[in-house]
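I have placed the structure first, in the form of structure tokens, so that the comments after it can refer back to it.
The values are calculated or read from the model by the stated rules, or taken from the named source; none is laboratory data. This is a predicted model, so every value here is computed, not measured. Backbone-built Cβ (ideal geometry, glycine too); neighbour counts: all protein chains shown.
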């Protein structure tokens with residue numbers, strides 16, 4: 001196996017996600033881009049786990065997935081409550097801490 | 001080139017294309033559906049890496065749960081289903097910063113691995129992964145379950161306006 005392919009793919013996916021977070025404005029699309037970045041990190045973790053022949057990387061990938069699920073739930077709840085008060089899902093509109 | 005390499009390149013191309021579509025499409029629902037393609041091909045890549053349990057958990061949690069949640073949020077925020085034009089900020093600063101970060105990351109990783117070849121050990125099945133989780137990683141696992149409970153309660157408290165109103169009264 002050539003780990004170079006996998007780590008470069010992980011870097012490319014991470015870059016796409018990061019550019020997406022920087023240029024998109026809708027909070028839900030932002031979440032999708034964050035998921036892409038987390039998945040790129042997971043791919044790198046699983047690759048390193050296979051290179052080293054240990055399972056630690058794969059187990060960390062599980063933990064990342066679970067934390068990502070929790071993060072999506074909380075984030076969507078926040079988006080919902082911002083949407084309820086501001087009538088908008090754009091991150092540029094949420095510029096006050098208290099409404 | 002072995003079969004695994006060919007599969008990896010094909011799945012990687014699908015993943016990159018779908019991820020680029022998530023970032024560039026003008027329709028939010030389509031972005032969610034492209035995300036399914038990207039995450040699914042990543043699950044395929046985990047299979048190529050013979051990390052089977054990670055692949056199935058990826059399908060269950062990401063494709064099954066996270067994307068459905070995201071699509072629910074799209075519907076609940078009444079986002080426009082058709083083409084929406086105001087999705088982007090000015091793009092050059094973001095492209096510059098993101099592209100620079102990506103290039104740096106790729107250079108670092110390529111320098112670390114130098115296109116070397118590694119002999120793979122046998123892949124571990126669910127049994128080995130389960131044993132590792134419940135032996136050496138059991139404390140983080142338990143902490144994670146507390147985190148999930150906290151996220152559950154927190155999401156309910158945040159998203160129900162009447163709860164905080166009643167407490168404030």
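In the list A:54, A:85, which residue meets the criterion of being modelled with pLDDT under 90, part of a helix (DSSP H, G or I) and more than 7 Å from chain B (Cβ to nearest Cβ)?
Just one listed residue meets the conditions, A:85.
Selection over region B:120-149 of residues that are surrounded by 12 or more Cβ atoms within 10 Å (Cβ to Cβ), more than 7 Å from chain A (Cβ to nearest Cβ) and over 16 Å from residue B:54 (Cβ atoms) gives a count of 1.
Given the condition closer than 19 Å to residue B:110 by Cβ, assigned to a helix (DSSP H, G or I) and facing another protein chain (nearest Cβ under 7 Å), answer yes or no: does some residue in region A:61-78 qualify?
Of all residues in region A:61-78, those closer than 19 Å to residue B:110 by Cβ come to none.
No, region A:61-78 has no match at all.
(1) within 14 Å of the chain's Cα centre (by Cα); (2) closer than 28 Å to residue A:79 by Cβ: which one isn't true of residue A:11, the others all being true? The one condition residue A:11 does not meet is (2).
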